[in-house]
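All remarks here apply to the structure that follows.
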Amino acid sequence: MIIASGFPISMVSDYLEQPDTVVWLDLCAPERADLHVISDELKLDPLAVEDAVSPGERPKLDRYRDHIFLNAYAVELDVRTGRLATHEVSAFVTPRALVTVRGDEHFDVAAVVRRWDDNDDLAGHGIAFLLHGLIDYLVDGYFDAVLSLDAAIEELEDLLFDDTPHDALVQRRSFELRKSLVLLRREVLPMREVVNTLLRRDLRLVGEGMASYFQDVYDHVLRVTEWTESLRDLVTTILETNLTIQGNRLNVVMKKLTGWAAVIAVPTAITGFYGQNVPYPGFGAEWGFVVSLIVLLGCAGGLYLLLRRRGWL
């Protein structure tokens, strides 16, 4: 049950003196001085505090003497553009306190609270319960993003084999999706080590009651990682296939142009031959023009049928 909320930071240590009490503190884009207040209250390591206020840190889990520092990213995919946005979140984990530090207001902390409320039967596990809710929310965000990326790539495959060419759209969309997959992989891949470290018994953070829940999160991380890798390969294949289709289409066009050029070359040769300033059979007579016209159409038609039979036209 919740016994207090909205209390000053200076009272955190007072509540931690009470048995069977855990404290959660959430900070959004705090200044360095704000973190120094809570670091003095919970005896946090200065290196961890420095990482929390430094943007762009890689996802990781650092162990210190009295606490654990977690850095991770929430992701959000714009389905229309295929662009992936990331929101950094850090957490200081002590045996009875959890301090979350959000880099901006775009991280939906209310969704994390709802997750805790939906699983309040596990609240007796204390900090392990709070930490599981946070990490599970992050991993589910990865799963939703890779699911949307998979659907976007399927739509891209349909465009690839559409009767109407969409070369520019396929190329632009492919590069956007590949960029998002690379960014997602950069955030997901280190989370395997993060969750795996939390499952270690020597850490003494995850008890028997929560171990299966963290194992389930670990399985989800592995699945998202493998799925991301396969989608990256699929996007690369789509790009290569698109280039192959363009090359084949160009070959067909060149083949048709060459065939028509050959068909036109025959009449040109005949008319050029008859255009010489010398007398020829039928010169100055109407039947000579008729014969030349018949020969012109016959040669052109015969060459057209020959190229048509070979599939060049």
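Across all directions, the shadow cast by the convex hull of the stretch 208-261 built on its C-alpha atoms averages 3.6 square nanometres.
For the stretch 109-233, a crude dipole built from +1 on the beta carbon of Lys and Arg and -1 on the beta carbon of Asp and Glu, taken about the Cα centre, is about 760 debye to the nearest 20. Each of L42, V253, L306 was placed along the dipole of the chain (beta-carbon charges, centred on the mean Cα), and the one lying farthest toward the positive end is L306. Solvent-accessible area of V295, all protein chains in place: 70 Å² (probe radius 1.4 Å, heavy atoms, ligands and nucleic acids excluded). With Cα atoms defining each centre, the stretch 115-174 and the stretch 55-99 are spaced 17 Å apart in the structure.
Charge dipole of the chain (Cα centre as origin; +1 on each Lys and Arg Cβ, -1 on each Asp and Glu Cβ, all else neutral): 2380 debye, rounded to the nearest 20. Mean-square fluctuations from a GNM of the chain, with a 10 angstrom spring cutoff on Cα atoms, peak among K43, K255, K179 at K255. For the stretch 41-136, the Cβ-based charge dipole about the Cα centre amounts to some 240 debye (Lys, Arg positive; Asp, Glu negative; other atoms uncharged).
The orientation-averaged projected area of the convex hull spanned by the Cα atoms of the stretch 121-243 comes to 8.3 nm². Projecting the Cα atoms of Y142, L70, P165 onto the dipole axis of the chain, where Lys and Arg carry +1 and Asp and Glu carry -1 at the beta carbon, places P165 farthest toward the positive end. For the stretch 75-125, the share of alpha carbon pairs falling in successive 10 Å distance bins from zero is 20, 40, 30, 10, 1 percent.
Please work out which option in (1) 38; (2) 54; (3) 28 gives percent of Cα pairs over 30 Å apart calculated from these coordinates, and answer with its label. Among (1) 38; (2) 54; (3) 28, the one calculated here is (2). Annotation for the stretch 7-77: GluC sites (Glu not before Pro) lying in DSSP loop with at most 12 further Cβ atoms inside 10 Å of their Cβ are E17, E31.
Between V79, F92, A123, the Cα set farthest toward the positive side of the dipole of the stretch 71-129 (charges on each charged residue's Cβ, about the Cα centre) is that of F92.
The values are calculated or read from the model by the stated rules, or taken from the named source; none is laboratory data. Quick caveat, the model's predicted, so the values are computed rather than measured. For neighbour counting, all protein chains shown are included, and Cβ atoms are generated from backbone atoms with ideal geometry for every residue, glycine included. Accessible surface areas use protein heavy atoms only, side chains included; no ligands, DNA or RNA. Shrake-Rupley method; radii C 1.70, N 1.55, O 1.52, S 1.80 Å.
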